[in-house]
1. Would you kindly derive the ³J(HN,Hα) couplings of region 394-399 from the backbone phi angles with the Karplus curve 6.51 cos²θ - 1.76 cosθ + 1.60 (θ = phi - 60°), listing them in order in whole Hz, with x for Gly and Pro?
2. Which loop chymotrypsin sites (Phe, Trp or Tyr not before Pro) in region 320-383, with loop taken from DSSP, have no more than 14 other Cβ atoms within 10 angstrom of their Cβ?
3. With unit charges on the beta carbons (Lys and Arg positive, Asp and Glu negative) and the dipole taken about the Cα centre of region 264-348, which residue among 307, 347, 326 sits farthest to the positive side?
4. Determine the shape class of region 347-386: with a ≥ b ≥ c the square roots of the Cα gyration tensor eigenvalues, call it rounded for a/c under 1.5, and otherwise prolate if a/b is greater than b/c, oblate otherwise.
5. Among rounded, prolate and oblate, which fits region 447-521 when a ≥ b ≥ c are the square roots of the eigenvalues of its C-alpha gyration tensor, a/c under 1.5 means rounded, and a/b larger than b/c means prolate?
6. Output the relative contact order of region 258-370, whole-number percent, from Cα pairs under 8 angstrom with separation of 6+ residues.
7. Pull out a ≥ b ≥ c, the square roots of the eigenvalues of the alpha-carbon gyration tensor of region 278-383, then state rounded if a/c is under 1.5, prolate if not and a/b is larger than b/c, and oblate in the remaining case.
8. Need one value: the accessible area of residue 157 in square angstrom, 1.4 angstrom probe, rounded to the nearest 10.
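The values are calculated or read from the model by the stated rules, or taken from the named source; none is laboratory data. If you're wondering where the values come from, they're calculated on a predicted model, not measured in any experiment. Cβ: placed from backbone, ideal geometry, glycine included. Neighbour counts: every protein chain shown. Accessible surface is based on the protein model in full, side chains and every heavy atom, while ligands, DNA and RNA are left aside. Shrake-Rupley method; radii C 1.70, N 1.55, O 1.52, S 1.80 Å.
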Amino acid sequence: MQIKTLIHSSTIPFQNPNFKKHPQPSILLKNPSIHLLQSPKVPAKLNILTPRNHLYGLKANLCSQSQELFDTNNEIEGENDSKTGSILEEEEIEVDMNREGLENQSLWSQIKEIVLFTGPATGLWLCGPLMSLIDTVVIGQGSYIELAALGPATVLCDYMSYVFMFLSIATSNMVATYLARRDKNQVQHQISILLFVGMTCGLLMLLFTRFFGSWALTAFSGPKNAQIIPAANTYVQIRGLAWPAVLVGWVAQSASLGMKDSWGPLKALAVSSVVNGVGDVVLCSFLGYGIAGAAWATMVSQVIAAYMMIEALNKKGYNAFSISVPTPDEILTVIGLAAPVFVTMISKVAFYSLMIYFATSMGTHSVAAHQVMLQIMGMCTVLGEPLSQTAQSFMPELIYGVNRSLEKARRLLKSLVTIGATMGLLLGTIGTFAPWLFPNIFTRDQKVIQEMYKVLLPFFMAIAVTPSIHCLEGTLLAGRDLRFLSFSMTGCFSLGSIVLMLFSRRGYGLPGCWYALVGFQWARFFLSLRRLLSPDGILFSEDLSRYKMEKVKVT
């Protein structure tokens, strides 16, 4: 069932575009907002999932029109009762018939539909890493000092943004959940709240980079790499101007994906990537602005991408310019969902940041090689993120939606993992061959190239398992098994950090950092898989106490 339009007025009854149009009973009312309630009797079994303000609007209209209804309709009350009941019952039946979707298809058909969804959805996840990779390639053709400066600079610009990935996950989760409950007014309300949260976080990050960016870079890079601080700070200050647009754009993008629409991110990717690529070539290669030119090109392309995501959401009938200040209870609700996700994301970001920290301590050539390999890995692994988004968009309906079916959810997960394993091997192979056979694309410095060659094997092992991890963790997010996800990620980070520290102290160099990453990735995979296959897991347990469906009976 596709949901394409939002009915803004709280007094207009919910009407699905897939419903069949039935002739209305021959009663003319002065107030058209209650045309579905032609008599005071509605079938008792009808449960309408609707927000409270909608119900209050109906009550007010019913009170103001009740005397007129009884005066004009007494003689035909029985006839209209039967008509209204048959219409509503027929609409219920048709909704159930129209809801046959991805969960009812065969394995091959599921894989085909998943590919059709994840293909355009890849645009959302490719946008940031693709822009950083373009910056790396263009800057690497010039100064290796500026190439090394991208290492700590991208920590503040790109990896810090993943700390706010809870906004993206919370948005897609809430949107998919309320759409599964057929509550579109709550969808708009949740989008408005999260837009406010995104704007607030973006402004705070802009101020942080403006006043504390240089201090953070110095503390991160250490005194041995003082020569890269000026270039890194220039990059961070320019990219920091886009923080509000980036986070607001994430909310709009994730809302579209929660509605199972992935074409908006694809269009944003195409336009923003072209702008970034052309801007890098013109500003860096022709005008000689170096790392500053790359930062300006990336910043402008991110703003354009965010605007396109907002417009794409508006075209669906929602108002992406509507920002609502959340109440204390709503803030607690968002925190309840976002806090475990935040812990998960901060653990992941912290581990990658530690890798860059130890690589930076090994010297300029090591951190330059690490920067190139990490950007290639970002491009490869991000292609698996749409599988996580697919799980978050389609699983909620099967786990706790109106048509709940854990067997179909398990079958969908099997399709996702099959695609993830295949994609992991393919991406690992392509990602490994690129720096092995064509290293001059990224840098001409032979010492940097030699450092890149040392990490090719752990590089492949880390990439190969990542898409499958996204499938499993996306399913855990869809089932809101957030406590386990946050604890497991924290444990992986703690153990991985210890291993990373030991390898660094024993002089294993850059390969030691990457083998620690291999352990981090495979630990995430096995823990998530074990949880989902557990009899008490979300795909086997029949306990619905965590999911409370609000059913409102109209009388």
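1. Once rounded to whole Hz, the list reads 9, 5, x, 5, 7, 8.
2. 321
3. Highest projection toward the positive end goes to 307.
4. oblate
5. oblate
6. Rounded, it is 19 percent for region 258-370.
7. In terms of gyration-tensor shape, oblate.
8. 10 Å²
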